[in-house]
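Asker: Once you've had a glance at the structure underneath, I'll fire off some questions.
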Amino acid sequence: MLLERWVKHEDSSRVTSDRSPFQPLGGGCMCERVRFEIAEPLLGALYCHCKRCQRRTGSAFSVTAATAPGSFKIVQGADLVGSWRPPDGWEKFFCTECGSQLYTTDPEQPERLSVRMGALDADPGIRPSAHQFTDYAAAWEPIPDDGLPRFPERLPGAMRPPQSEV
Ligand SMILES: [Zn+2]
Ligand SMILES: [Zn+2]
């Protein structure tokens, strides 16, 4: 039921229709040395307005999407992928050549992996379905009136898809 809340925001014609079966998603970094593939539809996505995301992206917020366990694979440039693990959060992976943010994993369960949506090549079909850490949102970028639920702190655990992260 909780996952349905996220899944309903998917564009089902892209993700589940028999007429257009799911095609693996491609993605990568700016310098194109690191490439990845995602073999299954993404599970859900959200906007994060926390200060860490602001610093990491150099922008007002980040958009991250949960992957199905085992569906994400680096297909090129694995030796260029670096990471930073904060003391209290998921490990953040990026291209050490160009600095592009790529994905994040749960240090205790690395199969829980969320991808930075901006790193994807094309439309993955899903849409972000909530805003979290809105109390920390940048003063210079009002959160759009898009009708999505807003949470002043982290998205409540019960609402999160199985592999979500900030
Ligand atoms: Zn790169
Ligand atoms: Zn964040």
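The values are calculated or read from the model by the stated rules, or taken from the named source; none is laboratory data. All values derive from a computational prediction rather than experimental measurement. When we count neighbours, we look across all protein chains shown, and the Cβ atoms used for this are built from the backbone with ideal geometry, even at glycine.
Asker: I'd like to verify a number: residues in region 86-122 that are assigned to a loop (DSSP other than H, G, I, E, B) and either of a type in the set (A, V, I, L, M, F, W, C) or at pLDDT 95 or above (or both), how many?
Answerer: Residues in region 86-122 being assigned to a loop (DSSP other than H, G, I, E, B) and either of a type in the set (A, V, I, L, M, F, W, C) or at pLDDT 95 or above (or both): 8 in total.
Asker: Could you figure out which of (1) under 29 Å from SER59 (Cα atoms); (2) among the hydroxyl-bearing types (Ser, Thr, Tyr); (3) at pLDDT below 55 isn't true of SER17?
Answerer: Here SER17 clears every test but (1).
Asker: Identify, by number, the condition in (1) more than 17 Å from LEU25 (Cα to Cα); (2) more than 16 Å from ligand 2 (Cβ to nearest atom); (3) surrounded by fewer than 16 Cβ atoms within 10 Å (Cβ to Cβ) that VAL81 doesn't meet.
Answerer: Tallying (1) more than 17 Å from LEU25 (Cα to Cα); (2) more than 16 Å from ligand 2 (Cβ to nearest atom); (3) surrounded by fewer than 16 Cβ atoms within 10 Å (Cβ to Cβ), VAL81 fails exactly one: (3).
Asker: Which ones in region 114-130 are of a type in the set (Lys, Arg) and either touching a helix residue (DSSP H, G or I) at 6+ places or on another chain (Cβ under 9 Å) or within 23 Å of GLY89 (Cα to Cα) (or both)?
Answerer: ARG116
Asker: Now for a separate question. If I ask for residues that are in a loop (DSSP other than H, G, I, E, B), surrounded by fewer than 19 Cβ atoms within 10 Å (Cβ to Cβ) and aliphatic (A, V, I, L, M), which ones from region 29-72 would you list?
Answerer: MET30, ALA39, ALA60, ALA68
Asker: Now a separate question. Give the number of residues within region 41-63 that are within 11 Å of GLN132 (Cα to Cα) and over 12 Å from the mean Cα position of the chain (by Cα).
Answerer: Number satisfying all stated conditions: 2.
Asker: With away from ligand 1 (no atom under 16 Å from the Cβ) and farther than 17 Å from ALA45 by Cβ as the only criterion, which of ASP79, ASP88, ASP146 stands out?
Answerer: The conditions single out ASP88.
Asker: While we're looking at this one, here's another question. Criterion first (surrounded by 15 or more Cβ atoms within 10 Å (Cβ to Cβ), of a type in the set (Lys, Arg) and within 14 Å of ligand 2 (Cβ to nearest atom)) does ARG112 satisfy it?
Answerer: no
Asker: Name the single residue, out of those in region 83-119 being in contact (Cβ under 8 Å) with a residue 60 or more places away in the chain and farther than 20 Å from CYS50 by Cβ, that is farthest from the chain's Cα centre (by Cα).
Answerer: The residue in question is GLU97.
Asker: Condition test on THR64, is it within 11 Å of ligand 2 (Cβ to nearest atom), closer than 25 Å to PRO142 by Cα, of a type outside the set (Phe, Trp, Tyr) and in contact (Cβ under 8 Å) with a residue 60 or more places away in the chain?
Answerer: The answer is yes for THR64.
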